[in-house]
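The values are calculated or read from the model by the stated rules, or taken from the named source; none is laboratory data. In this text the structure is predicted, and so the values were computed from the model without any measurement. Don't worry about glycine lacking a Cβ; one is built from the backbone with ideal geometry, like all the others, and counts go over all protein chains shown.
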Amino acid sequence: MSRSVGGFVVTPLLDAAGPFFADRQVAFPEATEADWARARRVDPGAFGPGQTWQLDFRCFVVRGPRDRLMLVDTGVGPEGSPAAAWAPTPGRLPAELDQAGIDPADVDTVVLTHLHEDHYGWSVRPDGTPMFPNARYVVQRREIAALEEGDSALGYIVDPLRAAGLLHEVDGITRLATAPGRSGGVIRVVPTPGHTPGHQSVVVENRARQVIVTGDVLVHAVQLVDPEVSYRFEADAELARQTRRRLLAEAKSRRTVLATAHLTRPWVELGGSLPRP
């Protein structure tokens, strides 16, 4: 289930799974029957009865040299979290971490791709204390600046993390970790705006290959087979299209595996005109 890039190992952790609250044609109104047919070949598990859309809510852990541990996104969260009003089930990330042999206290970096409720749910415990007390929480400064008064992210995670001194705001492309040696590698966060103003993706790469943790640059395989298809809940649909086109074009130019948050398969290896398992 894991993918290795030089000195780093990327592993998916499934926080939750189930049907989305809106039918797929409502969520992706521009998608055609041909688009859906191609998407079904890529991710058949996403297609439930009728127009229902099945999706996963996935986080990723990146293990590095010297026992470095990075977590990308923190999922839906527990019962009563902001996402609980619409997510299909409460999250189970703590159990996933335990099964993977990871103590939350050993995580040194948490990257939040963006501040939607299903991506920050386990950042704090139900009492508001940080779930990962020894980690810096990396968020694009623009993402925080774009939050409007009353946004649940402010009170739920931004204020508590800032008070604890754990909120780490970055501007643009930022290197987070490196691995030594010829095949070592590097981890960067890269702005991928559109879904939200300060959305970022995580690139784990060395000279030979790369894994891109996409966040919500694409949320369904229909956007993979046709990046022009917009998602109803994108903040800026046109910017999201441009970002998606650019990310996929760059990814296809070299050996790339996409690590997906919401497809029912964690990995998509790009090759030819369609992605392959």
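Here are the numbers for this structure:
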{"item": "Hits in region 158-169 - residues which are under 20 Å from the mean Cα position of the chain (by Cα) and farther than 19 Å from PRO126 by Cβ", "result": "LEU167, HIS168, GLU169"}
{"item": "Within region 34-56, considering residues that are under 19 Å from GLY215 (Cβ atoms) and of a type in the set (D, E, K, R), the one surrounded by the fewest Cβ atoms within 10 Å (Cβ to Cβ)", "result": "ASP56"}
{"item": "Single unsatisfied condition, LEU93 versus (1) of a type outside the set (D, E, K, R); (2) surrounded by 14 or more Cβ atoms within 10 Å (Cβ to Cβ); (3) over 15 Å from the mean Cα position of the chain (by Cα)", "result": "(3)"}
{"item": "Evaluation of SER123 against (1) modelled with pLDDT under 95; (2) under 17 Å from LEU166 (Cα atoms) (one fails), failing number", "result": "(1)"}
{"item": "Criterion: more than 19 Å from the chain's Cα centre (by Cα), more than 21 Å from VAL10 (Cα to Cα) and either without any contact (Cβ under 8 Å) to a residue 12 or more places away in the chain or surrounded by 21 or more Cβ atoms within 10 Å (Cβ to Cβ) (or both) - qualifying residue of GLY155, GLY194, GLY128, GLY198", "result": "GLY155"}
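Residues are listed down the side, and each one gets a yes or a no for (1) free of Cβ contacts under 8 Å to residues at least 12 places away in the same chain; (2) of a type outside the set (A, V, I, L, M, F, W, C):
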position	(1), (2)
PRO82	no, yes
ARG92	no, yes
ASP98	yes, yes
VAL110	no, no
HIS114	no, yes
ASP118	no, yes
